[in-house]
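Reviewing the structure listed below.
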Amino acid sequence: MALTDERLQMALLPRPVRFFERVESTNDEAVAWLQSGAEHGAVVVADEQTAGRGRMGRTWHTPPGVALAVSVILKVNPAFITQINMAGTLAVCQMLDIAKLDNIAAKWPNDVLVNGKKISGILPEATWEGDQLQGVVLGIGVNVRNTFSADLAQQATSIEAETQREQDRAALLTVLLFHLEQQLGRLGTAALCDDYKARLSMLGQPVAVAVDGVPVHGIASDIDEQGALVLTKADGETIHVFASDATVLHQGA
Ligand code: BTN
């Protein structure tokens, strides 16, 4: 079923929604809307993104008619901003549970995998005015019926590929935003972090992360309450790595 402005305005009541058939990036639109006075909970949705952005300057492809590309404007306590990716990741996992997918796992910091393949990526971006937080734009991309080249199909999947059923993107979005709201209500609680850890497949495994561009190897031993990865190095030293300055380079078997 097509995503239309009318369907979304109905499905996502009572949130303010801006729907674009085609836009460069929903995150960019949401940041502009935030700066011109959008309220907490306002949502930007696009059917197609022509310059969708991923983490670390990567491109995120959103061809027309096949995916969810959504950005939610959040006005939260600055103390909680590093936990927003955990809330977003959990909401995506819950939406996938409801769509009856199996083998769903979070991959720190911001990915969701199904059967080991990426199905969703999350991009939280904070906007500051001096030392005042204006808000956070939480961008979420989910592959619904994307098709992938043979190479990419080794690493990426979609909801329809996993379920073999046609999916209604407006209905998925309603479920996603419902769970996101619930998870955001748990910011600052240990339970949010515990639930996030329970979804991770990498705890206890050897990983390599780049810290300031330098690969650091260790065991992914924990996630702290801020959402940082706790890495235990071979010499026993532990370091806390934030998403903003680290990338998981590989995951041990
Ligand atoms: C990643 O895995 O690197 C994060 C991908 C985030 C993609 C979403 S799609 C909606 C929002 N708009 C963007 O330009 N990016 C995010």
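Taking the centroid of alpha carbons for each part, region 66-122 and region 203-228 are 19 Å apart.
Name the shape class, rounded, prolate or oblate, that the alpha-carbon gyration tensor gives for region 1-112, where a ≥ b ≥ c are the square roots of its eigenvalues, rounded holds for a/c under 1.5, and otherwise prolate holds if a/b is larger than b/c and oblate otherwise. All intermediate terms of the calculation are to be shown ahead of the outcome.
Values: a/c = 1.31, a/b = 1.09, b/c = 1.20.
It comes out rounded by the Cα gyration axes.
Using alpha carbons only, how many degrees (0 to 90, rounded to 10) separate the axis of helix 26-35 from the longest principal axis of the chain? Result, in degrees: 80.
Considering only Cα-Cα distances, which of the following residue pairs are longer than 29 Å: Lys100/Lys197; Lys75/Lys197; Lys75/Lys100? Write down the numbers at each step before the final one.
Values: Lys100/Lys197 21 Å; Lys75/Lys197 25 Å; Lys75/Lys100 32 Å.
In this structure, Lys75/Lys100 lie more than 29 Å apart at Cα.
Contact order, relative form, for region 9-163: 21 percent (alpha carbon pairs under 8 Å, 6 or more residues apart, mean separation divided by residue count). Working from label points 7 Å from Cα in the Cα-to-Cβ sense, the Asn77 to Thr238 distance is 2.4 nm.
Sparsely packed loop sites in region 138-209 (the trypsin sites (Lys or Arg not before Pro) outside DSSP H, G, I, E and B with at most 15 other Cβ atoms within 10 Å) comprise Arg145, Arg165. Legend: calculated FRET efficiency, Lys100 to Asp131, from the Cβ-Cβ distance at R0 = 51 Å, rounded to 0.05, equals 0.65.
How much of the accessible area of the chain, in percent, comes from carbon and sulfur atoms when a 1.4 Å probe is used?
Carbon and sulfur: 51 percent of the exposed surface of the chain.
Sites listed here are GluC sites (Glu not before Pro) in region 1-44 whose DSSP assignment is loop and whose Cβ has at most 15 other Cβ atoms within 10 Å: Glu24, Glu39. Under the combined filter of DSSP loop state and at most 14 neighbouring Cβ atoms within 10 Å, region 1-61 retains these trypsin sites (Lys or Arg not before Pro): Arg58.
The values are calculated or read from the model by the stated rules, or taken from the named source; none is laboratory data. This is a predicted model, so every value here is computed, not measured. Counting neighbours? That spans all protein chains shown, and the Cβs are built from the backbone with ideal geometry, glycine included. Heavy atoms of the whole protein, side chains included, go into the accessibility calculation; ligands, DNA and RNA do not. Shrake-Rupley method; radii C 1.70, N 1.55, O 1.52, S 1.80 Å.
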